[in-house]
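What follows is a single structure, written as structure tokens, with notes after it.
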Amino acid sequence: MSNCKELQFKLSNDKELKVHIKEVYETQYSNYVWPSALVLCDFICKNHDQFQSKTVIELGSGTGICAIVAAKIGAKCYLTDKVGYQELSKENLHLNRIEDAEVFPLEWGSMIDSFPKIDYIIGSDCFYDETDFENLLFTVSLLLDNSIDPKEAKFFTTYQLRSSTYSIECLARKWNLKCSLIPFSHTNVNNQVIELYEMKKESF
Ligand SMILES: C[S@@+](CC[C@H](N)C(=O)[O-])C[C@H]1O[C@@H](n2cnc3c(N)ncnc32)[C@H](O)[C@@H]1O
């Protein structure tokens, strides 16, 4: 079973941005819009000037909602997820009439032969399985090192607090990443606490 949702976000100039997202009711995590995605979309919209004309890669894109929002405000977007998880994001790009975005598999922790040079990485609710955290940060680190401007490149990620025992800030340091919590008013969706972080390379 599937459903198509219309979602609305407000840009910093108060204009509204609408997207249509299909979800599929199966157990696979990639088939739903997670609460963290709504917070990241909201952040992108509230900072839409910063994302306009930038090259953005989304990790663990699932339905593709965050990259679709970024593409709608004028970013060139690459949507990535595990091998075989590309169909739904392709359908959603089509549904939103976005033609210049690209979709390809990218498994965290794997070596990437050729990848696009980007300004920003985005990823919502990617930190949920502790065994994957190192792999994810490896991929983030690699993409930032090979970005358009490694001093300015950033990873924006939303993190749903599910365990109080884990600190992604400590782990990020191991990968030479400076991790800062972005104070953002919209941190509570469906009674979930969702934090927004920015990560960038600490030193070069
Ligand atoms: C909780 S879902 C979040 C989906 C979407 N970002 C959202 O917030 O709606 C986590 C996503 O990460 C992807 N993912 C998990 N492990 C991965 C890995 N090792 N490599 C690439 N993607 C992965 C999943 O397939 C899924 O799409």
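Some points to look at:
- Residue among V24, I182, L144 farthest towards the positive dipole end of the range 2-201, charges placed on Cβ: I182
- Loop-located GluC sites (Glu not before Pro) across the range 85-161 with a Cβ neighbour count of 10 or fewer within 10 Å are E99, with loop assigned by DSSP.
- Over the range 2-201, relative contact order from alpha-carbon pairs under 8 Å, at least 6 apart, %: 18
- If both residues of a DSSP beta bridge must be in the chain, then about 60% of such bridges are antiparallel.
- Percent RCO, i.e. relative contact order, over the range 1-95, from Cα pairs under 8 Å lying at least 6 residues apart: 26
- Dipole size of the range 7-98 about its Cα centre, with +1 on Lys/Arg Cβ and -1 on Asp/Glu Cβ: approximately 280 debye, rounded to the nearest 20.
- Across the range 94-204, the convex hull enclosing all Cα atoms gives 140 Å³ per residue.
- Here, the chain is characterised by an Rg to Rh ratio of 0.93, where Rg is the alpha-carbon radius of gyration and Rh the Kirkwood radius.
- Expressed as a fraction of 2.2 N^0.38 Å, the value expected for a compact globular protein of N residues, the C-alpha radius of gyration of the range 69-133 is 1.19.
- When the range 1-104 is described by a simple charge dipole with +1 on each Lys and Arg Cβ and -1 on each Asp and Glu Cβ, the residue from S2, G60, C45 located farthest towards its positive end is C45.
- Distance violations [Cα-Cα > 19 Å] among K46/K201; K154/K201; K117/K151; K22/K54; K15/K90: K46/K201; K22/K54; K15/K90
- Using alpha carbons only, the radius of gyration of the range 1-54 set against its Kirkwood radius gives Rg/Rh = 1.05.
- Burial ordering of C179, C41, C170, fewest other beta-carbon atoms within 10 Å first: C170, C179, C41
- In the range 46-152, Cα pairs under 8 Å separated by at least six residues give a relative contact order of 27 percent.
- Electrostatic dipole magnitude of the chain [Cβ: Lys, Arg +1; Asp, Glu -1; Cα centre; debye, to 20]: 460
Rule-based calculations on the coordinates, nothing more; no lab input. It should be emphasised that the depicted structure is a prediction, and the values quoted were computed from it without experimental measurement. FYI the Cβ positions are ideal-geometry reconstructions off the backbone, even for glycines, and counts take in every protein chain you see.
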